[in-house]
Amino acid sequence: MNQLPWIVANWKMNGTADQVTLAAKTWQQQELSCRLIFCPPVCWAHRVETVQPNFYLGGQTCYSEASGAYTGHVSASMLKELGCTHTLVGHSEQRASGQQSQNVQKALTQAQQNGLTPIWCVGHRQPPLPAFDINEECDYITQTLHQERPVGGIYMIAYEPISAIGTGKPLPPEHAAKIVRHIKTVCGDVSVLYGGSVSVDNIHAFLNVSDGVLIGSMSLNIDVMDILIRSL
Ligand code: PGA
């Protein structure tokens, strides 16, 4: 964990073309002390120029097939052509909407075969547990990792407990630390990020126990992100 931390800014289905352009320009003009991956809505991805070495363009999902009659989906090769270097795969919002329920492993492979680094999102996909049970969460994660794990190649993992996504209720960093360690025990030397209600107040605590963070709602605020990036 002594390399620059990864910060993933996932804008989900938010932002206008001009807002994406402004965010990209703002962030890439800075001397970044992190590796920032901007995942705007795919329709505005062409607005993002990545001149700065630590600034990357990412997709929010990629489909498990290379091409074909899959209305509304985006392939890994399309993301590559747009200039993406990374893509999220298996985000819980994709899984919940049924967009990516079965074929996460194939989507990970598609990404890798097209020269993208997949950011494989894992975490309990049930509604918030009545009481977060860390052992149960580790068991669930082990099962997911074994089921979906890519056969080889480079990938990153974003651990995102569903109870923390968009709720303002982040996991206590000490729990995140335990799960990050657990994932590394199962998967070996991969970068493991934490995601779910990351804010200015808690980001440093999560960066202390992981290789980076995946930020949703807070990343939409360009000024706050600016302050945050400067504070690293
Ligand atoms: P959040 O979203 O930061 O708004 O909780 C995280 C995510 O969905 O990746």
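The values are calculated or read from the model by the stated rules, or taken from the named source; none is laboratory data. Keep in mind the model is a prediction, meaning the values are calculated, not measured. Here Cβ is always computed from backbone atoms with ideal geometry, including for glycine, and neighbour counts include all displayed protein chains. Please note that ligands, DNA and RNA were not included when accessible areas were found on the heavy atoms of the full protein model with its side chains. Shrake-Rupley method; radii C 1.70, N 1.55, O 1.52, S 1.80 Å.
Tally up the carbon and sulfur contribution to the accessible surface of the range 1-101 as a whole percent, 1.4 Å probe, everything protein left in place.
Answer for the range 1-101 is 51 percent, counting heavy atoms of protein chains only.
Any idea how far apart Asn103 and Val51 come out in nm if each label point goes 7 Å out from Cα toward Cβ?
Label at Asn103, label at Val51, 3.9 nm between them.
Starting from the Cα of Glu31, step 7 Å along the direction of its Cβ; do the same at Gln19; then give the gap between the two resulting points in nm.
Going by the 7 Å Cα→Cβ label model, 3.1 nm.
Could you tell me what % of all Cα pairs in the range 144-214 have separations over 17 Å?
That fraction is 38 percent.
Take the Cα gyration tensor of the chain, multiply each eigenvalue by 5, square-root it, and list the three semi-axes largest first, rounded to whole angstrom. Spell out each step's value before the answer.
On the way: eigenvalues 118, 100, 51 Å².
Working from the Cα gyration tensor, I get semi-axes of 24, 22, 16 Å.
Is there a pair in Lys25/Lys106; Lys25/Lys80; Lys12/Lys178 whose C-alpha atoms are over 22 Å apart, and which pairs would that be? Don't skip to the end; give the middle numbers.
Values: Lys25/Lys106 34 Å; Lys25/Lys80 20 Å; Lys12/Lys178 28 Å.
Listed pairs above 22 Å: Lys25/Lys106; Lys12/Lys178.
What translational diffusion coefficient, to the nearest whole µm²/s, does the range 193-232 have by Stokes-Einstein, given a Kirkwood radius computed over alpha-carbon pairs, a temperature of 20 °C and 1.002 mPa s viscosity? Walk me through the numbers on the way to the answer.
Numbers: Rh = 10.1 Å.
Taking Rh from Cα pairs, D becomes 212 µm²/s.
Hey, could you pull the Cα Rg and Dmax for the range 18-155, both in Å?
According to the Cα coordinates of the range 18-155, Rg and Dmax are 16.2, 46 Å.
Could you compute the FRET efficiency for Gln147 and Glu81, with r as their C-beta to C-beta distance and R0 at 30 Å, rounded to 0.05? Don't skip to the end; give the middle numbers.
On the way: r = 30 Å, r/R0 = 1.00.
In this case the efficiency is close to 0.50.
Name the shape class, rounded, prolate or oblate, that the alpha-carbon gyration tensor gives for the range 44-95, where a ≥ b ≥ c are the square roots of its eigenvalues, rounded holds for a/c under 1.5, and otherwise prolate holds if a/b is larger than b/c and oblate otherwise. Mind showing how you got there, number by number?
On the way: a/c = 2.45, a/b = 1.63, b/c = 1.51.
It is prolate, given that a/c is not under 1.5 and a/b is the larger ratio.
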